[in-house]
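Visitor: Let me give you the structure first, and then I'll get to my questions.
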Amino acid sequence: MQYVHEFRDPTKAQGLIQAITALGEQITAHRPGPIKIMEVCGGHTHAIFKYGLEALLPGTVELVHGPGCPVCIMPKGRLDDAIAIAQQPGVIFTTFGDAMRVPGSHLNLLQAKAQGADIRMVYSPLDALAIAKANPDQSVVFFAIGFETTAPSTALTVLQAQAEGVTNFSLFSNHVLVVPALQALLDNPDLALDGFVGPGHVSLVIGTHPYDPIAQQYHKPVVVSGFEPLDILQSVWMVLKQLAEGRCQVENQYTRLVQPDGNAVALKAMAQVFQVRPTFDWRGLGSIPASGLAISPAFAAFDAEQQFTIPGKTIADHRACACGDILKGVKKPWDCKVFGTACTPQTPIGACMVSTEGACAAYYNYGRRSRQSTPSAVKPPVQTSGPSPQTRPTTGELSPAEPGKIEQYC
Amino acid sequence: MGRDMATTNSWPRQSLSSSRSQFRDSCITLAHGSGGKAMADLITEVFVSRFGQGSPGPLNDQALVDLGPLIKRGDRLAMTTDSYVVDPLFFPGGDIGTLAVNGTVNDLAVGGATPLYLTCGFILEEGLPIDTLIQVVDSMAQAATAAGVQLVTGDTKVVPRGKADQLFINTAGVGVVPVGVAPAADQIQPGDVVLVNGPVGDHGAAIMVARADLALDSDIPSDCQPLHRLVDTILAVCPQVRAMRDATRGGLATVINEFAIASQVSISLDETQIPIRPAVNGLCELLGLDPLYLANEGTLVVVVPPDQAEAVLVAMRSHPAGHHSQIIGTAQVESPGLVTLHTGFGCDRVLDQLIGDQLPRIC
């Protein structure tokens, strides 16, 4: 736990909040507010709620929680496929823990396990490979989910399985790509965003260059950010600074880890093992071209979709669930009719409620059950010296997101 | 109570070495649960020899307890039961045997009761090595001696291989509550102060690390310990303690939520005052878990009136099981049932009840 507390220093946060407040006032003096900044990564959403960063921000700046939770965007149909594989005789189905509660159309993996499927939680695809080697008479399938963050470790596991001649191991690949999803969001006319706090772990793999089109074609600033609270506040400040100066660039706040060209070894492994699917279904966002990774034909022996018969159906999202609009940043969780009532972490309807990184679960667990029920949950923010910052109202006074008219600064 | 292993409160004690040498089987078979000689040998050589105290007595279907001494200790009997199913059976700081004794002792203690007698029920999987069983039974005997309680009666069953995971234990406990002592979760008043006796999350972290599937090395020991003497210390300075609970499954956050709901108050905890070991914090950072929801087996959460808080804190810190005690929060009148955490970063967030198990985050 060395070198962490430096990034959680509340005194330094006060300085950043002052600077954010000043820039927020400067920008909104010439245009309607608030300034809407999307944090793309679920890890950022988690940290924002864990540390209560929203309560520190001035009312001129609003964080919109994006689609970067790989569990949240898994569509029901793919969960049904995963369960169908897991229920095959002789299969050991391995998965990361937070995928266990993602609802399919009838069951989740926890329920399928209770019904008799051999489903085991692992912490790494290498754990799944070890299970395969220990159980040569059974077919071990790894439920590969996640963005470019987890795809390299999956790819390297396949390469290792091939090198070791393991023949009873395969992947059910549901890896997805960040940039096509962001472009799909940006093409949506509903969306009203001023800039992005870009994902840190994904960028560690892919670098910062893949975001160039977002700055150049869509004219939105992108700041790749670390995951500690001061990282996120500094990244928000950097986005605001670009907006105030009329710039639209890809900047890197997470310089202690992220290189502009990414990680060559990881990218090479991904390129070897995966190929980009023509389209992939995202829960709430629908079908997005070139946004998912399948196993390439050279590794078909490790492709569970080739080894097993799966339903492969597209299942519509629940009608009452507003996950789609929440993932697009158009609605806040409390705008959803079922948030906190029919849809809770105990009984999730949409996947945004399943993972703690999901926007709805984060609001429910860390911030707000609803606009009315927790009026005292958020205390006044840290006071800064100088003029009193314009602060976000307390929970009970939060107003629904209003897709407003945002002037383009770039 | 089954007939399989029933005794009186007066069991003969034999030395470990002599009993092991007389018990020749190397592992548990179905014969050890069949009611015949194999079972009788198991009971006599493994259980009675370790749990029996004082002079030899007959093996009956029940333990008999004289009421006279109990009546002098208090005016109410406290009873509790708990089942123990931990994987792995052995972990740094304890094993399933120490858990089975201390867990039940603590369930009595947090009600203000003086723990006196325990029962034990064993479910053994066919194939369990006898040495494993003996190691666990020895741990139970030592834990009971350390806690000053007697294991007075028990039962054993053997199930076919695959029908249980090595060894399950149930213990029930009986204690006596002194006159005037009545802590309860629904007695908390606005303004009351919350204390904890030491670092939270150690047991849950120790178990996670001990499970081979994580491939992590750490020296985090379980906090498994009896709490009744610490409770006695607290009651000596504050007989009117409002509520006490040992923060086992679901951790500190779950206990605080139970208090807030039962007493219809809100409770605000100060994150900077909650003791957590750096190694536990590091493990949680790595796996995306929250230490406030990790299980404990020797963590006492106490709520006392505000004017007694400092005296209780001093008393707790004077006891070996409470050296690292802290005042961690207060009860408030607003938002009944809500628990909030004032973070080290200067903000407040809701600390809700856990839904199911904590699941590690993938990235």
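Visitor: Mind listing P(r) for the protein assembly as shown? All alpha-carbon pairs, 20 Å bins, whole percents.
Guide: Reading the bins upward from 0: 15, 42, 32, 10, 1.
Visitor: Can I ask one more? Counting only trypsin sites (Lys or Arg not before Pro) that are in a DSSP loop and have at most 14 other C-beta atoms within 10 Å, tell me the longest site-free stretch of chain A.
Guide: Here the longest run is A:1-246.
Visitor: Still on this structure, I have one more. Using a probe of 1.4 angstrom, how much of the accessible area of the range B:16-177 is carbon and sulfur, in percent?
Guide: C and S fraction of accessible area: 56 percent.
Visitor: Relative to the isolated chain, which residues of the range A:34-54 have their accessible area cut by 40 Å² or more in the presence of all protein chains (1.4 Å probe, heavy atoms, no ligands or nucleic acids)?
Guide: Listed in order, they are A:Lys50, A:Tyr51.
Visitor: Name the aspartates and glutamates eligible as straight-distance cross-link partners of A:Lys337: C-alpha to C-alpha under 19 Å, and not fewer than 8 places from it in the same chain.
Guide: A:Asp317, A:Asp325, A:Glu397, A:Glu402
Visitor: With a 1.4 Å probe, how much accessible area is buried between chains B and A, both sides summed, in Å² to the nearest hundred?
Guide: 3200
Visitor: How are the Cα pair distances of chain A distributed, in percent, across 10 Å bins from 0?
Guide: Histogramming chain A at 10 Å steps yields 5, 22, 31, 25, 12, 4, 0, 0 percent.
Visitor: Now for a separate question. Around A:Asp231, what is the net charge, scoring Lys/Arg as +1 and Asp/Glu as -1 over all other residues with Cβ under 15 Å from its Cβ?
Guide: Combined, the nearby Lys, Arg, Asp and Glu give -2.
Visitor: In addition: Could you please state how large a percent of the accessible area of the range A:1-137 is carbon and sulfur, counting protein chains only and using a 1.4 Å probe?
Guide: The nonpolar share, carbon plus sulfur, comes to 54 percent.
Visitor: What percent does the relative contact order of chain B come to when contacts are Cα pairs within less than 8 Å and at least six residues apart?
Guide: This gives 20 percent for chain B.
Visitor: Less than 27 Å apart at the alpha-carbon level, and either on another chain or at least 8 residues along: which lysines does that give for A:Lys133?
Guide: In chain and number order, the partners are A:Lys113, A:Lys268, B:Lys163.
Visitor: Using a Gaussian network for chain B with springs between C-alpha atoms less than 10 Å apart, which of these wobbles most: B:Gly112, B:Gly97, B:Gly337?
Guide: B:Gly337
Visitor: May I ask for the angle, rounded to the nearest 10°, between helix A:125-134 and the longest principal axis of chain A, with both axes built from Cα atoms and the value confined to 0 to 90°?
Guide: The two axes meet at around 20 degrees.
Visitor: Work out how much length A:Gln217 to A:Leu257 would gain on full extension: take 0.36 nm times their residue separation and subtract the Cα-Cα distance, in nm to one decimal.
Guide: Extra length available between A:Gln217 and A:Leu257 comes to 11.7 nm.
Visitor: Enter the angle in degrees (range 0 to 90, nearest 10) between the Cα long axis of helix A:10-28 and the first principal axis of the Cα atoms of chain A, meaning the one along which they spread out most.
Guide: Result, in degrees: 70.
Visitor: Whole Å is fine, so just give me how far the alpha carbon centre of the range B:110-125 lies from that of the range A:93-172.
Guide: 40
Visitor: Now for a different question. What lysines does B:Lys157 reach when the alpha-carbon gap must be under 21 Å and sequence neighbours fewer than 8 apart in one chain are set aside?
Guide: B:Lys37
Visitor: Could you tell me the accessible area of A:Val265 in Å² (1.4 Å probe, neighbours in place), rounded to the nearest ten?
Guide: Its heavy atoms expose roughly 100 Å² to the probe.
Visitor: Ok, one more. Express the accessible area of the protein assembly as shown per residue in Å², computed with a 1.4 Å probe while the remaining protein chains stay in the model.
Guide: Normalised by residue count, the accessible surface of the protein assembly as shown is 39 Å².
Visitor: Among A:Glu25, A:Glu148, A:Glu39, which one shows the biggest mean-square fluctuation in a GNM of chain A, springs joining Cα atoms closer than 10 Å?
Guide: A:Glu25
Visitor: Where the convex hull is taken over the Cα atoms of the range B:250-360, what is its projected area averaged over directions, in nm²?
Guide: Quarter of the Cα hull surface area: 7.6 nm².
Visitor: Give the ranking of A:Met121, A:Met100 by solvent-accessible surface, highest area first, calculated with a 1.4 Å probe.
Guide: I get A:Met121, A:Met100, largest accessible area first.
Visitor: Counting only protein chains, not ligands or nucleic acids, how are A:Leu109, B:Leu235 ordered by accessible area (probe 1.4 Å), most first?
Guide: B:Leu235, A:Leu109
Visitor: Now for a separate question. Please give the solvent-accessible surface of B:Ser218 in Å², to the nearest 10, using a probe radius of 1.4 Å with every protein chain present.
Guide: 50
Visitor: Something else about it: Taking the Cα atoms only, what angle lies between the long axis of helix B:130-147 and the longest principal axis of chain B, rounded to 10 degrees?
Guide: 50
Visitor: Just give the residues from the range B:254-292 buried by at least 50 square angstrom of accessible area in the all-chains context relative to the isolated chain, probe 1.4 Å, and say none if nothing qualifies.
Guide: The answer is B:Glu285 - residues whose exposure falls by at least 50 Å² when every protein chain is included.
Visitor: Pairs to check: A:Lys12/A:Lys220; A:Lys76/A:Lys332; A:Lys36/A:Lys328. Give those whose C-alpha atoms are more than 20 Å from each other in this structure.
Guide: Those over the limit are A:Lys12/A:Lys220; A:Lys76/A:Lys332.
Visitor: Next question. Taking chain A as a Gaussian network, Cα atoms linked when under 10 Å apart, which of A:Gly329, A:Gly52, A:Gly246 shows the biggest mean-square fluctuation?
Guide: Result for chain A, Cα springs under 10 Å: A:Gly246 fluctuates most.
Visitor: Please get the size of the charge dipole for chain B, origin at its Cα centre, with Cβ charges of +1 on Lys and Arg and -1 on Asp and Glu, quoted in debye to the nearest 20.
Guide: Result for chain B is approximately 900 debye, rounded to the nearest 20.
The values are calculated or read from the model by the stated rules, or taken from the named source; none is laboratory data. Here the structure is a predicted model, which is why all the values come from computation and not from measurement. Cβ sites come from the backbone with ideal geometry, for glycine too, and all protein chains shown count toward neighbours. Just the protein is used for accessible areas: all its heavy atoms, side chains included, with ligands, DNA and RNA removed. Shrake-Rupley method; radii C 1.70, N 1.55, O 1.52, S 1.80 Å.
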